[in-house]
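Visitor: Below are the structure tokens for one structure; questions will follow.
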Amino acid sequence: MLRPFQLVGRHARLEPLTSEHVPGLAGAAAGDRSSYAFTTVPDGLDETADYVRAALAEQTGGQVLPFAVVRTRDDAVVGSTRFLDLAVLGRPGVVLPDEGRTPDVVEIGSTWYAASAQRTAVNTEVKLLLLGHAFDAWGVLRVTLKTDARNQRSRAAIEGLGAVFEGVRRAHTTASDGTVRDSAYYSIVAAEWPAVRDGLRRRLDRARQEPQVTMQHSAVPNG
């Protein structure tokens, strides 16, 4: 399997998720939870510990790399995100990537943030770090992003990245509220990455000029 790694930017740092992040994640999720209607976000220390254990169990399966999101200005844990469904193409069945065979396709999802980090430069940079690693370090062909089809804010945020809408997968999975969820699927392919990268960099340049700026479409949970 792929070894966990850290990604560092000016506004955010992505640390491989461990049990040591449980208190910070629980604190991050303890504020205003009104934006979590369509996303699974743990509530309290016990749920957060279960959430981290489940993510790490999936990581051992080889198709998931989960991260804690740390805000660099105060080293506060402000959320979580992950690479999902990492796969190598070209052979029958699902071939899992490892250090010798990096993935050809990935998904970015299971993303949520503390209220204090929402609509800030943190998520913009997190997306830039993750997409940059996927396309520039791994050389992937495609990155998938999906969200509950009802989550219009998340859909607008994904479209704001420059991702292409592919359609809605009906009755796809169980939603965070226990109902059956339709999922809206989006993707970015390698040929589109330079334009997406430039757009994200322009957002971050504006944030550096005005450190307290609110970033449009920047921190809506998705997964």
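Visitor: Being of a type outside the set (D, E, K, R) and at positive phi is the filter here, so list the residues in the stretch 79-108 that pass it.
Guide: Gly79, Gly90, Gly93
Visitor: Quick check on the stretch 148-162. Is at least one of its residues of a type in the set (S, T, N, Q), more than 18 Å from Leu204 (Cα to Cα), out of contact with any Lys or Arg (no Cβ under 8 Å at 6 or more places or on another chain) and without any contact (Cβ under 8 Å) to a residue 24 or more places away in the chain?
Guide: yes
Visitor: Kindly establish whether Arg73 is closer than 25 Å to Ala121 by Cα and touching a helix residue (DSSP H, G or I) at 6+ places or on another chain (Cβ under 8 Å).
Guide: Against the criterion (closer than 25 Å to Ala121 by Cα and touching a helix residue (DSSP H, G or I) at 6+ places or on another chain (Cβ under 8 Å)), Arg73 does not qualify.
Visitor: Something else: In the stretch 88-113, what residues are farther than 18 Å from Asn151 by Cβ and either surrounded by 18 or more Cβ atoms within 10 Å (Cβ to Cβ) or acidic (Asp, Glu) (or both)?
Guide: Pro97, Asp98, Glu99, Pro103, Asp104, Val105, Val106
Visitor: Given the conditions (1) under 19 Å from the mean Cα position of the chain (by Cα); (2) modelled with pLDDT under 95, which single one is not true for Lys146?
Guide: Here Lys146 clears every test but (2).
Visitor: Sticking with this one: Which ones in the stretch 65-97 are out of contact with any strand residue (DSSP E or B) (no Cβ under 9 Å at 6 or more places or on another chain) and either acidic (Asp, Glu) or closer than 25 Å to Ala54 by Cβ (or both)?
Guide: Asp74, Gly93
Visitor: Could you look through the stretch 10-24, keep only residues that are over 15 Å from the mean Cα position of the chain (by Cα) and not in a helix (DSSP H, G or I), and pick out the one that is surrounded by the most Cβ atoms within 10 Å (Cβ to Cβ)?
Guide: The selected residue is His11.
Visitor: For the stretch 21-70, give me each residue that is of a type in the set (Asp, Glu) and either farther than 20 Å from Asn123 by Cβ or free of Cβ contacts under 8 Å to residues at least 12 places away in the same chain (or both).
Guide: Asp43, Asp46, Glu47, Asp50, Glu58, listed by residue number.
Visitor: Does Arg53 fit the bill of being under 19 Å from the mean Cα position of the chain (by Cα), closer than 19 Å to Ser116 by Cα and surrounded by fewer than 16 Cβ atoms within 10 Å (Cβ to Cβ)?
Guide: no
Visitor: In the stretch 25-47, which residues are of a type in the set (Phe, Trp, Tyr) and in a helix (DSSP H, G or I)?
Guide: Tyr36
Visitor: With under 23 Å from Phe38 (Cα atoms), at pLDDT below 95 and either of a type in the set (Lys, Arg) or out of contact with any Gly (no Cβ under 8 Å at 6 or more places or on another chain) (or both) as the only criterion, which of Arg91, Arg82, Arg119, Arg101 stands out?
Guide: Arg119
The values are calculated or read from the model by the stated rules, or taken from the named source; none is laboratory data. Only a predicted model underlies this, so the values are computations on that prediction, with no experimental measurement involved. Quick reminder, even Gly has a Cβ in these numbers, built from the backbone with ideal geometry, and neighbours come from all protein chains shown.
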